[in-house]
Amino acid sequence: MLLTALPDGEGERLLRTLRRDLRLAPLALNALAQRELLSPEDMTDAEHLLVLAENLLQLVELAGGPGSAEEALLAQGPEAREAITITSNSAHPDRAGLEELRQLAARVACVPPARLGRAHRRGRGTGRSGRKRHR
């Protein structure tokens, strides 16, 4: 909100300054990236982890909690578990949220590979119907 409310590019300058703030960096980085004011090439590895962690935490929140997010993560396959594992070591300030993600990844890791494959093939969470096309 500050990005658009402040005059003459002050909002962007504020967000760029907040990149170094321990608590607000994930939000500032996301805002800059979403508005294409910060490219992935301009982010450090640590900033990439913060953005990924923030996106995963937002997914859990928007899904209505860890239980609801489990199905979305199953649909993404092993890549989602890997992302959670990587981000659990990030400097994201929401330590409780990261712990929820770790527990979620552990539950998803216990799902048999056959179920993962079915969820992925059905197209859950991918915007696809999962129906086969006839040629």
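The values are calculated or read from the model by the stated rules, or taken from the named source; none is laboratory data. The model shown is predicted, which means the values in this text are computed figures rather than measured ones. Positions of Cβ are backbone-derived with ideal geometry, glycine not excepted, and every protein chain shown enters the neighbour counts. Ligands, DNA and RNA are stripped out before the accessible areas are found, and what is left, the full protein with its side chains, is counted by its heavy atoms. Shrake-Rupley method; radii C 1.70, N 1.55, O 1.52, S 1.80 Å.
Here is how the numbers come out for the structure above:
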item	result
Single unsatisfied condition, Val60 versus (1) touching a residue at least 40 places away in the same chain (Cβ under 8 Å); (2) β-branched (Val, Ile, Thr); (3) open to solvent by 30 Å² or more (accessible area, probe 1.4 Å)	(3)
Inter-residue pairs, beta-carbon under 7 Å, first acidic (Asp, Glu) and in segment 93-109, second surrounded by 15 or more Cβ atoms within 10 Å (Cβ to Cβ) and part of a helix (DSSP H, G or I), 6+ apart	Asp94/Leu57; Glu100/Val60; Glu100/Pro66
Breaking point among (1) in contact with a Leu (Cβ under 6 Å, 6 or more places away or on another chain); (2) surrounded by 19 or more Cβ atoms within 10 Å (Cβ to Cβ); (3) assigned to a helix (DSSP H, G or I), for Gly11	(2)
Residue tally, condition in contact (Cβ under 8 Å) with a residue 12 or more places away in the chain and over 13 Å from Glu47 (Cβ atoms), over segment 10-29	3
Residue selected from segment 63-78 under the condition part of a loop (DSSP other than H, G, I, E, B) and either under 21 Å from Ala31 (Cβ atoms) or open to solvent by less than 60 Å² (accessible area, probe 1.4 Å) (or both), by the criterion modelled with the lowest pLDDT	Gly77
Qualifying residue in segment 31-48 (condition: in a helix (DSSP H, G or I), aliphatic (A, V, I, L, M), open to solvent by less than 70 Å² (accessible area, probe 1.4 Å) and touching a residue at least 24 places away in the same chain (Cβ under 8 Å))	yes
Test result for Gly11, within 30 Å of Arg107 (Cα to Cα) and at pLDDT below 95	no
One residue from Arg102, Arg81 being part of a helix (DSSP H, G or I), of a type in the set (D, E, K, R) and in contact with a Ser or Thr (Cβ under 6 Å, 6 or more places away or on another chain)	Arg102
Residue in segment 15-30 that is nearest to Ser88 (Cα to Cα), counting only those that are open to solvent by 60 Å² or more (accessible area, probe 1.4 Å) and in a helix (DSSP H, G or I)	Leu27
